[in-house]
Amino acid sequence: MDLVIRNTTLPDGRTGIDIGILDGRIAALAPQLAARGVREIDAAGDLVSPPFVDAHFHMDATLSYGLPRVNQSGTLLEGIALWGELKPQLSQDALIERALRYCDWAVARGLLAIRTHVDVCDDRLLAVEALLEVKRRVAPYLDLQLVAFPQDGLLRSANAFENLKRSIDMGVDVVGGIPHFERTMAQGAESVRLLCEFAAERGLRVDMHCDESDDPMSRHIETLAYETQRLGLQGRVAGSHLTSMHSMDNYYVSKLIPLIAESGVAAIANPLINITLQGRNDTYPKRRGMTRVPELMAAGVDVAFGHDCVLDPWYGMGSGDMLEVAHMGLHVAQMTGLEAMQSCFTAITETPARILGLDGYGLAPGCHADLVILDAGSTVEAIRLRAPRRLVLRRGQVVAEAPAAASRLHLQGRPGSADFRLGRG
């Protein structure tokens, strides 16, 4: 073997597992593996996971916080207005540099696959060109999937549909949309139909910002589910945000969720952003702002968590840590049962990998040796601690490393350190 990682704990709870790696892939996975490695790493019982996957991000805007000004209200609408002010000032070189810097952060966090939306309403398609270049540069260490996103509305923005088609021809991977931002509900539904038909014609995946609103009557997810079935797009479509579902009455949702499940549409929630941008006009009681994650999961819908924003016009925080995203999702959705907490880890690993259609992802012989060794003994502990990533591997090669978390103590009669792990000093 090129590398053997000894004494690991896996996300499914198995312990004492050795992982053998050969030619960039997992060759063997078993207790006390007999094969020797050119290099051997003792995981010492720590959790080894496939890499984190961010199913929803905006890399064209990342790390632009304060340009051209700060979002004083912190609201979604001011963020959209700010992005409109920033677009004419964008330069390709600066956009590339910010995106590459964020990708460095991502790798350090064990985040090796990102689906990012890129605005196509600028006729120059400057951001599209920039992120295609970023995708080319980071390909050796990070899978970057681009979504053609008509930020200003497919029908509301004069050249948006033609620009979207051009961006797909240039190499963008996925068809995006934002039906709730069209001028009318009817135009929103029409945009869903047009985009799904285009995706079906081209054999592409679809990922729409859908019903990112507090309005319970924003029901474009229903149309998206219908068009997915009508056009045979099952398993290739995702609805992102879906926050209007947090305001819908239970009777309507009892009809809607089975429709989503039947259509094979996946759901992508963005806990950090949904909890801060939604419910802004509420006094009290105040709505939480995130879609109905536990109910969707219970119905068999694939539900992933996305980071959405980091230091951009919409969100002045974030660091590329998907464990922080899972931590917020767990709390907002009140998913504190053991299986529920474990499913929050799956929502930043296996489920988004399936939504993105990542080839060779996982922890099984034949999968790519893309792995993260975490300073934690379980998936739940990893979320609780936002555990340091001790080692990050891409195709069996170490691409990032960090020390375990521990604080030195100077307390009479007490241990000399604290590492915050349950059951350890």
Quick one, which of (1) 22.0, 67; (2) 21.7, 72; (3) 25.7, 91 is the actual Rg and Dmax of the Cα atoms in Å calculated for this model? (2)
Cα-projected label distance for Val398 with Ser91, points at 7 Å along beta-carbon direction, nm: 3.8
Ranked packing of 369-375, 81-87, 296-302, most packed first, by mean Cβ within 10 Å: 369-375, 296-302, 81-87
Residue-by-residue Karplus 3J(HN,Hα) for segment 19-30, coefficients 6.51, -1.76, 1.60, Hz, glycine and proline x: 10, x, 10, 9, 6, x, 10, 6, 9, 7, 8, 6
Normalised by the number of residues in the chain, what is the relative contact order in percent for Cα pairs under 8 Å and 6+ residues apart? 18
Out of residues 5 or more away from Leu22 or on other chains, whose amide H comes under 5 Å of its own, with H placed 1.01 Å from N in the peptide plane? Asp2, Ala27
So what's the gap between the Cα centers of segment 207-266 and segment 156-200, to the nearest angstrom? 17
Using 0.36 nm per residue, how much length does the chain from Arg136 to Asp104 gain when fully extended, once their Cα-Cα distance is taken away? 10.1 nm
Report the relative contact order of segment 259-320, percent, no decimals, based on alpha-carbon pairs under 8 angstrom and at least 6 residues apart. 39
Please compute the length gained on full extension between Ser319 and Asp282, using 0.36 nm multiplied by the number of residues separating them and subtracting their Cα-Cα distance. 10.5 nm
In nanometres, the difference between 0.36 nm per residue of separation and the alpha-carbon distance of Ala28 and Gln334 is 106.4 nm
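Laboratory data are not the source of any read-out in this text; all were calculated from the coordinates shown. Since this is a predicted model, take the numbers as computed values, not measurements. Because the Cβ atoms are built from the backbone with ideal geometry, glycine has one as well, and the counts that use them run over all protein chains shown.
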